[in-house]
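S.K.: Dumping the structure here so I can ask a few things about it.
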Amino acid sequence: MLVVSLSFLSGAARSADTLTLAASEYPPYMSSQMANGGVAVAIVREAFRRAGYSAKTIYLPWARAVSEARDGHLDGIVGLWTTPERQRVFLFSQAFLDNHIGFFKRRDDGIRYRALADLKPYTIGIVRGYANSETFDAARLKTDETLSDASNLAKLAAHHIDLALIDRGVANYLLDGSLAALAPKLEWLPPAVVVYPMRLGIAKRQPQAAKRIQDFNRGLDAMRQDGTLDKMLKQARI
């Protein structure tokens with residue numbers, strides 16, 4: 001079904017004013033299970049609407065989402081971080097939110113830090129398969145792997161680890177939902193280890209890539225000016 005849809009959308013039947021964008025399952029930023037598609041998807045859709053476009057979203061595994069957008073099979077991809085490799089093939093929009101990657105701790109623990117080296121006495125939970133920042137890896141801290149962000153927070157609450165490395169928005173989403181029982185026990189520990197600005201990416205090979213990025217940025221600017229962007233981010237606790 002998905003292959004048929006992608007084939008159809010890459011043909012002449014695609015409307016010039018209707019865009020099909022790739023995304024992946026990364027709630028609360030992107031999710032087919034959320035009413036608005038996730039806050040990042042909702043922001044992108046609204047910015048394009050203000051610029052005169054209709055935007056649809058196809059949710060794919062992340063690696064495939066990137067490749068489909070890169071190869072021009074889809075019009076763009078939601079939620080892309082910039083890297084030198086990606087900058088060679090994508091045009092990037094203005095950032096519309098920031099991913100704060102850092103630590104959650106137990107509320108009753110007095111852990112504080114200024115530099116990552118301050119955390120050497122502690123065991124930090126990480127998720128297997130995640131690419132952590134170069135800054136974190138270079139600190140050579142003691143880590144403990146688990147299979148998911150939810151499991152990481154549960155281990156933190158149960159005193160099996162001292163800190164959990166996690167995206168702040170993802171943690172808030174889990175603690176507002178499936179892990180609500182743990183919310184009174186856990187809190188964010190500033191500062192963030194790294195902040196990644198999230199953007200829309202459109203492949204340079206797309207004939208109208210520059211215009212669509214420009215149009216998107218214009219819609220996003222309007223959302224900033226009238227407070228819509230800030231309101232959406234606050235509602236999502238980003």
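The values are calculated or read from the model by the stated rules, or taken from the named source; none is laboratory data. Computed from a predicted model, the values in this text were never measured in an experiment. Cβ: placed from backbone, ideal geometry, glycine included. Neighbour counts: every protein chain shown. For the accessible areas, the whole protein counts, side chains as well, though only heavy atoms, and no ligand, DNA or RNA atoms are used. Shrake-Rupley method; radii C 1.70, N 1.55, O 1.52, S 1.80 Å.
S.K.: Antiparallel DSSP bridges in the chain: what percent, to the nearest 5?
M.R.: On the way: 20 of 35 bridges.
Percentage antiparallel, nearest 5: 55.
S.K.: Okay, moving on. Pop out the ³J(HN,Hα) list for the range 202-219 in order, Karplus 6.51 cos²θ - 1.76 cosθ + 1.60 with θ = phi - 60°, rounded to Hz; leave Gly and Pro as x.
M.R.: After applying 6.51 cos²θ - 1.76 cosθ + 1.60, I find 10, 4, 4, 6, 5, x, 10, 4, 5, 5, 5, 5, 4, 5, 4, 4, 5, x Hz.
S.K.: Which whole-Hz ³J(HN,Hα) couplings does the range 101-115 yield from phi under the Karplus relation 6.51 cos²θ - 1.76 cosθ + 1.60, θ = phi - 60°, glycine and proline marked x?
M.R.: Whole-Hz 3J(HN,Hα) from phi for the range 101-115: 9, x, 10, 10, 9, 6, 4, 8, 9, x, 5, 9, 7, 10, 10.
S.K.: Which of the lysines could a cross-linker bridge to Lys231, judged by Cα under 29 Å and excluding same-chain residues fewer than eight apart?
M.R.: Lys56, Lys105, Lys185, Lys211
S.K.: Can you give me the accessible area per residue for the chain, using a 1.4 Å probe, in Å²? Intermediate results must be reported in sequence, preceding the final value.
M.R.: Details: 11790 Å² over 238 residues.
Accessible area per residue, the chain: 50 Å².
S.K.: Further question: Starting from the amide H of Leu186, placed 1.01 Å from N in the peptide plane, find each other amide H under 5 Å away whose residue is 5 or more places distant or on another chain.
M.R.: Distant-sequence amide H within range of Leu186: Arg107.
S.K.: Can you list the residues, at least 5 places off or on another chain, whose amide H is less than 5 Å from the amide H of Asn99, using H built in the peptide plane?
M.R.: Answer set, sorted by chain and number: Tyr196, Met198.
S.K.: Let me ask something else. Long-range amide H contacts for Thr146: which residues qualify at under 5 Å (H placed 1.01 Å from N, peptide plane, sequence gap of 5 or more or a different chain)?
M.R.: Close amide H contacts, sequence-distant or interchain: Ile126, Val127, Arg128.
S.K.: Let me ask something else. Using the Cα centre of the chain as origin and beta-carbon charges of +1 (Lys, Arg) and -1 (Asp, Glu), tell me which of Gly102, Ala164, Ala236 is placed farthest towards the positive end of the dipole.
M.R.: Ala236
S.K.: Highest first, please rank the peptides 74-81, 113-120 by the mean number of other Cβ atoms sitting within 10 Å of their residues.
M.R.: Working: 74-81: 24.6, 113-120: 12.9.
The packing order, highest mean first, is 74-81, 113-120.
S.K.: Grab the DSSP H runs of the chain that are 4 residues or longer, score each as -39,500 (n - 2.57), total them, divide by all residues and round the 222 nm result to the nearest 500 deg cm²/dmol.
M.R.: It comes out at -10000 deg cm²/dmol, rounded to the nearest 500.
S.K.: Taking a cut-off of 17 Å between Cα atoms, list the aspartates and glutamates near Lys234, but don't count ones fewer than 8 places away on the same chain.
M.R.: Answer for Lys234, where 17 Å is the Cα cut-off: Glu46, Asp98, Asp167, Asp176, Asp226, listed by chain and number.
S.K.: Enter the angle in degrees (range 0 to 90, nearest 10) between the Cα long axis of helix 39-50 and the first principal axis of the Cα atoms of the chain, meaning the one along which they spread out most.
M.R.: Rounded to the nearest ten degrees, it is 30.
S.K.: Of His100, His160, His73, which has the largest mean-square fluctuation in a 10 Å C-alpha GNM of the chain?
M.R.: Of His100, His160, His73, the most mobile in the Gaussian network model is His160.
S.K.: Hey, another quick one. Ignoring any ligand, DNA or RNA, what whole percent of the accessible area of the chain comes from carbon and sulfur when the probe is 1.4 angstrom? Spell out each step's value before the answer.
M.R.: Numbers: 6100 of 11790 Å².
Carbon and sulfur atoms account for 52 percent of the accessible area of the chain.
S.K.: Among [x] 12.2; [y] 16.3; [z] 13.7, find the value of mean projected area of the Cα convex hull in nm² that was calculated from the structure presented, and write down its label.
M.R.: The value matching this structure is [z].
S.K.: Just the number, please: percent antiparallel of the DSSP beta bridges in the range 17-92, rounded to the nearest 5. All intermediate terms of the calculation are to be shown ahead of the outcome.
M.R.: Working: 1 of 9 bridges.
Of all bridge pairs located within the range 17-92, approximately 10 percent are antiparallel.
S.K.: Within the P(r) computed for the range 9-88, what percentage of the Cα pairs occupies the region above 16 Å?
M.R.: Details: 1594 of 3160 pairs.
Value for the range 9-88 (Cα pairs over 16 Å): 50 percent.
S.K.: What does the charge dipole of the chain about its Cα centre add up to, to the nearest 20 debye, if the Cβ of each Lys and Arg holds +1 and the Cβ of each Asp and Glu holds -1?
M.R.: Details: 31 positive and 24 negative charges, 73 e Å.
The calculation lands at about 360 debye.
S.K.: Here's a follow-up. Among DSSP beta bridges whose residues both lie in the range 69-189, state the antiparallel percentage, nearest 5. List each step's numbers first, then the result.
M.R.: Details: 8 of 15 bridges.
Restricted to the range 69-189, the bridges split so that about 55 percent are antiparallel.
S.K.: Give, rounded to the nearest 20 debye, the magnitude of the charge dipole that the range 129-185 has about its Cα centre when Lys and Arg contribute +1 at Cβ and Asp and Glu contribute -1 at Cβ. Provide the component values of the computation, followed by the final result.
M.R.: Details: 5 positive and 8 negative charges, 38 e Å.
Dipole of the range 129-185, to the nearest 20 debye: 180 debye.
S.K.: Could you list the trypsin sites (Lys or Arg not before Pro) in the range 149-238 that lie in coil according to DSSP, counting only those with at most 15 other Cβ atoms within 10 Å of their Cβ?
M.R.: Details: sites: Lys155, Arg168, Lys185, Arg199, Lys204, Arg205, Lys211, Arg212, Arg218, Arg224, Lys231, Lys234, Arg237; in loops: Lys204, Arg205, Arg237.
Counting only loop positions with at most 15 other Cβ atoms within 10 Å, the trypsin sites (Lys or Arg not before Pro) in the range 149-238 are Lys204, Arg205, Arg237.
S.K.: Now for a separate question. State the extension gain, in nm to one decimal, for the chain segment bounded by Asp108 and Val89, taking 0.36 nm per residue of separation less the distance between their alpha-carbons.
M.R.: Working: separation 19, 0.36 × 19 = 6.84 nm, distance 4.70 nm.
Using 0.36 nm per residue and subtracting the Cα-Cα distance, I get 2.1 nm.
S.K.: Something else: With all protein chains present, calculate the accessible area of Arg112 using a 1.4 Å probe and round the result to the nearest 10 Å².
M.R.: Number for this one is 150 Å².
S.K.: Summing Lys, Arg as +1 and Asp, Glu as -1, what charge do residues with Cβ under 15 Å from the Cβ of Ile111 carry, Ile111 excluded? Can you show the working numbers first?
M.R.: Values: positive: Lys105, Arg106, Arg107, Arg112, Arg114, Lys120, Lys142, Lys185; negative: Asp108, Asp109, Asp118, Asp162, Glu187.
So the environment of Ile111 carries a net charge of +3.
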